[in-house]
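**Q** Below is a structure I'd like to ask you about.
The values are calculated or read from the model by the stated rules, or taken from the named source; none is laboratory data. Since we're looking at a predicted model, the values are computed, not measured. We place every Cβ from the backbone using ideal geometry, glycine too, and count neighbours over all the protein chains shown. For accessibility, only protein heavy atoms count, side chains too; no ligands or nucleic acids. Shrake-Rupley method; radii C 1.70, N 1.55, O 1.52, S 1.80 Å.
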Amino acid sequence: YIYKEVLYEVKLYAKYIEGDAMGFEVSDKAKEINERLEAFMEEHIYPRERDYDEFTSNQENLWQYPDWYEDLKKEAKKQELWNLFLPKEYAPWSPGLTNLEIAGLFETMSKSAWAQQIFNCNAPDRGNMEVLAKYGTPEQQKQWLEPLLAGEIRSAYAMTEPDVASSDATNMELEIRRDGDEYVLNGKKWWTTGVISPRCKFMLVMGKSNPDNPRHTQHSTIIVPTDAEGFSITRALRSLGEYHSPGGEGDVVFKNVRVPVSNLILGEGRGFEIAQGRLGPGRFQYAMMFVGMAQRSLELMCERAQSRVAFGEALSKKTSVQHEIARSRCDIEQCRLLVLSAAEKMDNYGIDAARDYISMLKIVAPKMCEDVSSRAIQIFGGMGVSQDTPLAHIFTTSRFCRIADGPDEVHMSQLAKLTMRSLSGK
């Protein structure tokens, strides 16, 4: 592995989190947290990347974590590098940071594929915690949110269905029918991230509860324990040929699954509203993840270009390689600035004012990271597609995420409508 082993001759960019670069201001508290986060990555995460990859790639270890994994989580919690994703409005569970300040932390922790989990900042738990913190009852928060915040359990979000175009959330057909003091669920979901792990103890499930209501008020979101009678996982799904163990995506069935009425979140017909609220902050954090992965790809690309000799000279001397590096830096910087602009707008004007920026990010960020990691792979050659660098994982994750959370085309259509509306005043 060549992770973090080279001191580069030139710093590629000035980290905005360290000062006033790019005009975005952050607090001294945020700068200090990021410094500690970077030190944690250097000391505890990068040295373990080979071990983690070898353990989780072994089919005998499917859906398991390495023995040392929990120790890293305990250390992160001890250093107060925990639940950093929650902006200050989520007090008392938040570290008190703005979305703008959180963005830099996500870039840092996302340079390694599995680091977010160590800091309890990973999806889908992250989004589920936001939903429960924002919309949950005190009882729901006590039973489900607090164990998630403590990192004691994991969760899943069951939205996508195999039989309908799930890019349109109003298409969901899983039935949620009230029967006395219970709701009864029947239907199928798939690509349910995290559900395969034995640590997953509950799901937030979106389904149709009020079919006669207007289109956007037909659906509800309800908490379903994974040990509920009638719930089953029919198979683990492979993404681009790989299981995402130890989390994994599942194909699941609900057959007369009964849960208490008290498990409903916010009220009947509020599922679409919850889904939109859940995906807003998550998408900007998700976009900064791609900035972090792309930045890691660029750093590795530069090291490779400087150290590898082909046809009598270093790759860094070749114009084509220089152009790929320059193009990658431009792409990353543009995306980083867009994320920070979205975060600042969300902080100052709320999520509704940032919806066009969030749509832009969903379109731009995964494709940017896919392109940068692809260029890095090309410069590395055979090593780039092997397990000796994180590049293959970064590339496949980026490609997968251009479909996950809504395909690019849906967000482009939404952005076009918002743009025309804002420019025409209609």
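**Q** Here are some conditions: (1) assigned to a helix (DSSP H, G or I); (2) touching a residue at least 24 places away in the same chain (Cβ under 8 Å). Residue 143 meets all but one. Which one does it not meet?
**A** So the condition that residue 143 fails would be (2).
**Q** Condition first: of a type in the set (A, V, I, L, M), over 30 Å from residue 222 (Cα atoms) and open to solvent by less than 40 Å² (accessible area, probe 1.4 Å). Now tell me which residues in the range 271-320 satisfy that.
**A** The initial filter retains those residues of the range 271-320 that are of a type in the set (A, V, I, L, M), namely 274-275, 279, 287-289, 291, 293-294, 298, 300-301, 305, 309-310, 314-315.
Adding the requirement that they be over 30 Å from residue 222 (Cα atoms) leaves 291, 293-294, 298, 300-301, 305, 309-310, 314-315.
Residues satisfying the conditions are 291, 293, 294, 298, 300, 301, 305, 310, 314, 315.
**Q** Tell me whether the range 196-209 contains one or more residues that are over 30 Å from residue 385 (Cα atoms), open to solvent by less than 50 Å² (accessible area, probe 1.4 Å), among the aliphatic types (A, V, I, L, M) and in a loop (DSSP other than H, G, I, E, B). Please lay out each step first, then the result.
**A** Within the range 196-209, the subset over 30 Å from residue 385 (Cα atoms) is 198-209.
Within this subset, residues satisfying the condition of being open to solvent by less than 50 Å² (accessible area, probe 1.4 Å) are 200, 202-209.
So of that shortlist, the ones also among the aliphatic types (A, V, I, L, M) come out as 203-206.
Imposing the further condition that a residue be in a loop (DSSP other than H, G, I, E, B) reduces the set to none.
There is no residue in the range 196-209 that is over 30 Å from residue 385 (Cα atoms), open to solvent by less than 50 Å² (accessible area, probe 1.4 Å), among the aliphatic types (A, V, I, L, M) and in a loop (DSSP other than H, G, I, E, B).
**Q** Kindly list, by first and then second residue, each pair from a residue in the range 88-110 that is closer than 21 Å to residue 365 by Cβ to a residue that is among the charged types (D, E, K, R) and outside any helix (DSSP H, G or I), limited to pairs with Cβ atoms under 9 Å and residues at least 6 apart or on different chains.
**A** Qualifying pairs under 9 Å: 100/25; 104/15; 107/15; 108/15.
**Q** Among what's in the range 127-154 and is modelled with pLDDT of 95 or more and basic (Lys, Arg), pick the residue that is farthest from residue 84 (Cα to Cα).
**A** 142
**Q** I've got another one for you. Conditions: (1) open to solvent by less than 30 Å² (accessible area, probe 1.4 Å); (2) modelled with pLDDT of 95 or more. Residue 103 meets all but one. Number of the miss?
**A** Every condition holds for residue 103 apart from (2).
**Q** For the structure I just gave you, tell me whether residue 351 is open to solvent by 30 Å² or more (accessible area, probe 1.4 Å), modelled with pLDDT under 90 and either among the hydrophobic types (A, V, I, L, M, F, W, C) or in contact with a Lys or Arg (Cβ under 9 Å, 6 or more places away or on another chain) (or both). Let's see the steps before the verdict.
**A** On the way: open to solvent by 30 Å² or more (accessible area, probe 1.4 Å): yes; modelled with pLDDT under 90: yes; either among the hydrophobic types (A, V, I, L, M, F, W, C) or in contact with a Lys or Arg (Cβ under 9 Å, 6 or more places away or on another chain) (or both): yes.
Considered against the rule, which asks whether it is open to solvent by 30 Å² or more (accessible area, probe 1.4 Å), modelled with pLDDT under 90 and either among the hydrophobic types (A, V, I, L, M, F, W, C) or in contact with a Lys or Arg (Cβ under 9 Å, 6 or more places away or on another chain) (or both), residue 351 comes out as yes.
**Q** Let me ask another. Does residue 264 meet the test of being under 22 Å from residue 202 (Cβ atoms) and out of contact with any Gly (no Cβ under 9 Å at 6 or more places or on another chain)? Explain how you work it out, then say what you get.
**A** On the way: under 22 Å from residue 202 (Cβ atoms): yes; out of contact with any Gly (no Cβ under 9 Å at 6 or more places or on another chain): yes.
It is true that residue 264 is under 22 Å from residue 202 (Cβ atoms) and out of contact with any Gly (no Cβ under 9 Å at 6 or more places or on another chain).
**Q** I want to confirm something. Restricting to the range 361-404 and keeping residues that are acidic (Asp, Glu) and either in contact with a Pro (Cβ under 7 Å, 6 or more places away or on another chain) or open to solvent by less than 50 Å² (accessible area, probe 1.4 Å) (or both), which single residue is nearest to residue 242 (Cα to Cα)? Steps first, please.
**A** From the range 361-404, those acidic (Asp, Glu) are 370-371, 388; that's our starting set.
Pick out the ones that are also either in contact with a Pro (Cβ under 7 Å, 6 or more places away or on another chain) or open to solvent by less than 50 Å² (accessible area, probe 1.4 Å) (or both) and you get 370-371.
Details: 370: 17, 371: 21 Å.
Restricting to residues being acidic (Asp, Glu) and either in contact with a Pro (Cβ under 7 Å, 6 or more places away or on another chain) or open to solvent by less than 50 Å² (accessible area, probe 1.4 Å) (or both), the top hit is 370.
**Q** Considering (1) buried (at least 22 other Cβ atoms within 10 Å of the Cβ); (2) closer than 20 Å to residue 90 by Cα, say which one residue 110 fails and leave the rest.
**A** Single failed check for residue 110: (2).
**Q** Also: Right, residue 60: farther than 23 Å from residue 101 by Cβ and open to solvent by less than 40 Å² (accessible area, probe 1.4 Å) or not? If you could, list the steps in order and put the result at the bottom.
**A** Working: farther than 23 Å from residue 101 by Cβ: yes; open to solvent by less than 40 Å² (accessible area, probe 1.4 Å): no.
Against the criterion (farther than 23 Å from residue 101 by Cβ and open to solvent by less than 40 Å² (accessible area, probe 1.4 Å)), residue 60 does not qualify.
**Q** Let me ask something else about it. Just the residues that are open to solvent by 50 Å² or more (accessible area, probe 1.4 Å) and hydroxyl-bearing (Ser, Thr, Tyr), please, taken from the range 162-178.
**A** If the condition is that a residue be open to solvent by 50 Å² or more (accessible area, probe 1.4 Å) and hydroxyl-bearing (Ser, Thr, Tyr), then 167 is the only one that fits.
**Q** Scan the range 146-197 residue by residue and report those that are farther than 23 Å from residue 407 by Cα, among the acidic types (Asp, Glu) and in contact with an Asp or Glu (Cβ under 9 Å, 6 or more places away or on another chain).
**A** 146, 152 - these are the residues of the range 146-197 that are farther than 23 Å from residue 407 by Cα, among the acidic types (Asp, Glu) and in contact with an Asp or Glu (Cβ under 9 Å, 6 or more places away or on another chain).
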